[in-house]
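K.L.:
Below you'll find the structure I mean.
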């Protein structure tokens, strides 16, 4: 039987739903704001919103400064580089390519766990990865797998592949707390440490975008609303839920929930365009859920 508490299922599902909204918002904002500027503004606002709850982590006596090297890496992998790479990928890659490549996360999670954390993948986890990937393929090809043969690789595809690998490392890191008993930190302070350091990394990248003359923003009510959404939902709420989900289910099982992102993206796109869900959406949902259930099932000892 599956060993995932319902609360963990809720946290991971909500995080993936919000990240699906982030992908849509990022695509809509192409041409209105440059990708690294979008990431910088997003995380700057997120840090300001979180500051009233997490400011204590910035005190000189806090445990953050005893673990600054660890959080420099966490901020780079989870906030800084991943989001910059995602928004850059959306400039040149199609939605089908980006989400299909992102759906390889369970595979990377299993490989990184085995190579760096001595966690050997189980047979059911490998089987679950295959089933979930089939479900994702059904969504992305709209029930016509033959369309995969016409896909072309562009720079955006390579960028999202790199982002997916970095996110897998990030998820393993937050599932293995450092020496400072991070599990006992107030959630806002733990998230604040990542957001603030991730924002500093992003500003470093933003400096390069400004220096090359590629930074721009066309601010209006619509773009402002979308930026505010990505600063609250996919940033603060989703990262908090993902952290809870990873701690509850483990990084490997949590990665299978990431395969819900392309499904949620398709459903949200259909809702925005007024297009009702198709039969293949239901088939994909069943396959993805089956993959999650199989990967999280208890295996009998031999």
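K.L.:
Can you confirm whether segment 256-266 contains a residue that is at pLDDT 80 or above and surrounded by fewer than 18 Cβ atoms within 10 Å (Cβ to Cβ)?
P.N.:
No, segment 256-266 contains no residue that is at pLDDT 80 or above and surrounded by fewer than 18 Cβ atoms within 10 Å (Cβ to Cβ).
K.L.:
Is it the case that segment 29-36 has a residue that's part of a helix (DSSP H, G or I) and either within 21 Å of residue 101 (Cα to Cα) or at pLDDT 90 or above (or both)?
P.N.:
Scanning segment 29-36 turns up at least one residue that is part of a helix (DSSP H, G or I) and either within 21 Å of residue 101 (Cα to Cα) or at pLDDT 90 or above (or both).
K.L.:
Also, I was wondering about something else. Taking the condition at pLDDT below 80, buried (at least 20 other Cβ atoms within 10 Å of the Cβ) and part of a helix (DSSP H, G or I), does residue 128 pass?
P.N.:
yes
K.L.:
Looking at 80, 54, 26 in this structure, which one is farther than 26 Å from residue 132 by Cβ, crowded, with 20+ Cβ neighbours inside 10 Å, under 18 Å from the mean Cα position of the chain (by Cα) and touching a residue at least 40 places away in the same chain (Cβ under 8 Å)?
P.N.:
It is 80.
K.L.:
I'm trying to understand the selection: among the residues of segment 56-75, which are in a helix (DSSP H, G or I) and more than 20 Å from residue 203 (Cα to Cα)?
P.N.:
56, 57, 63, 64, 65, 66, 67
K.L.:
Taking the condition of being over 14 Å from residue 238 (Cβ atoms) and assigned to a helix (DSSP H, G or I), how many residues in segment 1-23 meet it?
P.N.:
Selection size over segment 1-23: 4.
The values are calculated or read from the model by the stated rules, or taken from the named source; none is laboratory data. Remember, predicted model here, so these are calculated numbers, not experimental data. Methodologically, a virtual Cβ is constructed for each residue, glycine included, from the backbone with ideal geometry; neighbour enumeration extends over all protein chains shown.
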